[in-house]
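Structure first, commentary second.
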Amino acid sequence: MAASTPLSLIILVTLINIQLLLLLPPQTQAQTPSAPAPAPAGPVNLTGILDKNGQYTTFIGLLTETQVANQIENQLNTSSEGLTVFAPTDNAFNNLKSGAINGLSTQEKVQLVLYHVSPKYYRLVDLLTVTNPVRTQAAGNDGNWGLNFTGHGNQVNVTTGIVTTQINNALRQQFPLGLYQVDLVLLPEELFGAKPPASAPPAAKTPSTTSNTTTNTSAPASPTEGTGAGGRNVVGWGLSLGLGMLCMGALS
């Protein structure tokens with residue numbers, strides 16, 4: 001009996017330890033794998049978005065020709081303010097007067113494209129409460145050119161001073177790019193407004209009439225001037241006749 005006591009105690013202690021292990025929380029827990037972090041968003045491709053939506057071929061061509069597309073995409077991926085772009089449809093360009101775009105210089109085409117870009121991200125609802133005029137990236141000698149926005153409810157209109165059109169469709173409304181369709185080309189007054197009349201050239205100076213007039217200060221001609229030789233002949237004949245008469249009187 002005494003020999004079996006140590007074994008009984010050992011079994012008892014072992015059972016107690018097993019129970020304690022079952023009751024106590026595990027000291028280490030298996031690590032649950034966390035969800036993978038979302039992959040960083042790729043660069044925003046403005047021309048790619050326009051091309052995917054169709055009907056913006058002319059605007060894409062201008063963006064590419066003027067190299068404004070590269071400038072915009074660089075800004076989209078570096079700017080903390082984002083950008084807002086108003087994209088005219090192909091029909092909007094087709095409704096322009098013939099030669100309206102081709103008649104512009106390269107610099108004016110750049111200004112026209114940049115006039116459709118605001119250097120800040122706006123949602124449509126933001127455009128209802130902005131302070132007009134909203135600055136664009138187009139600029140001239142007088143500074144940046146602006147756009148004006150009005151609206152009611154969900155309808156937003158944009159005006160340039162020459163044209164007014166409704167913003168009909170949000171092609172993208174996620175920071176850093178707000179991209180909206182417009183059905184008219186936004187024509188800035190600085191390029192398409194009435195030009196002031198050209199100033200008339202200065203009148204040619206009229207020569208003074210006194211400078212070409214010669215004052216005649218010579219004395220009036222004597223009544224006998226021009227006949228002096230004839231007068232002398234008459235006097236000579238008279239003297240000869242008188243001398244002849246005297247000689248004839250002496251001989252008689």
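With label points built 7 Å along Cα→Cβ from the Cα atoms of HIS152 and THR14, find their separation and express it in nm.
Taking the two extended label points, one gets 9.0 nm.
Take the Cα coordinates of region 85-162, assign each an equal point scatterer, and use the Debye formula without solvent to give log10 I(q)/I(0) at q = 0.20, 0.22 Å⁻¹.
Normalising to I(0) and taking log10 leaves -1.01, -1.15.
Any idea what the alpha-carbon Rg over 2.2 N^0.38 Å comes to for region 60-110?
Expressed relative to 2.2 N^0.38 Å, the Cα Rg reads 1.33.
For GLY151, which sequence-distant residues (separation of 5 or more, or a different chain) have an amide H within less than 5 Å of its own amide H, given hydrogens modelled in the peptide plane?
Here the answer is ASN157, since their amide H atoms fall under 5 Å of that of GLY151.
Checking the cross-link filter: which aspartates and glutamates have an alpha carbon closer than 17 Å to that of LYS120, excluding same-chain neighbours under 8 positions apart?
Excluding near neighbours in sequence, the set is GLU73, GLU81.
Between VAL182 and residues 5 or more places away or on another chain, which pairs have amide H atoms under 5 Å apart, with H built 1.01 Å from N, and which residues are they?
ALA87, THR89
Net charge near LEU46, counting Lys/Arg +1 and Asp/Glu -1 over other residues with Cβ under 14 Å of its Cβ?
Within the 14 Å Cβ shell, the charges total 0.
Long-range amide H contacts for TYR115: which residues qualify at under 5 Å (H placed 1.01 Å from N, peptide plane, sequence gap of 5 or more or a different chain)?
Amide H neighbours of TYR115: ALA138.
Would you list which aspartates and glutamates come within 20 Å of LYS195, measuring only between C-alpha atoms, while excluding same-chain residues fewer than 8 positions from it?
GLU108, ASP142
For VAL130, what charge total do you get from the other residues with a beta carbon under 11 Å from its beta carbon, if Lys and Arg give +1 and Asp and Glu give -1?
Neighbourhood net charge equals +2.
What size of dipole, in debye to the nearest 20, comes out for region 35-190 about its Cα centre when the only charges are +1 on Lys and Arg C-beta atoms and -1 on Asp and Glu C-beta atoms?
So the dipole magnitude of region 35-190 works out to roughly 260 debye.
What are the ³J(HN,Hα) couplings of region 102-114, residue after residue, when phi is run through the Karplus curve with 6.51, -1.76, 1.60 and θ = phi - 60°? Round to Hz, x for glycine and proline.
Ordered by residue, 3J(HN,Hα) equals 5, x, 7, 6, 4, 5, 5, 5, 4, 4, 5, 5, 5 Hz.
Set the Förster radius R0 to 30 Å, insert the Cβ-Cβ distance between GLU189 and THR64 as r into 1/(1 + (r/R0)^6), and round the FRET efficiency to 0.05. It would help to have the intermediate numbers written out before the result.
Values: r = 26 Å, r/R0 = 0.87.
The computed FRET efficiency comes out at 0.70.
Could you go through region 145-159 in sequence order and give the Karplus-derived ³J(HN,Hα) for each residue, using 6.51 cos²θ - 1.76 cosθ + 1.60 with θ = phi - 60°, rounded to whole Hz, and x for Gly and Pro?
Taking θ as phi minus 60°, the curve returns 8, x, 10, 10, 10, 9, x, 9, x, 9, 8, 10, 10, 10, 9 Hz for region 145-159.
All of the numbers you see were taken from the coordinates with simple rules; none came from a lab. Worth saying up front: this structure is predicted, and the values here are computed from it rather than measured. Here the Cβ is made from the backbone with ideal geometry for all residues, glycine too, and neighbour counts use every protein chain on show.
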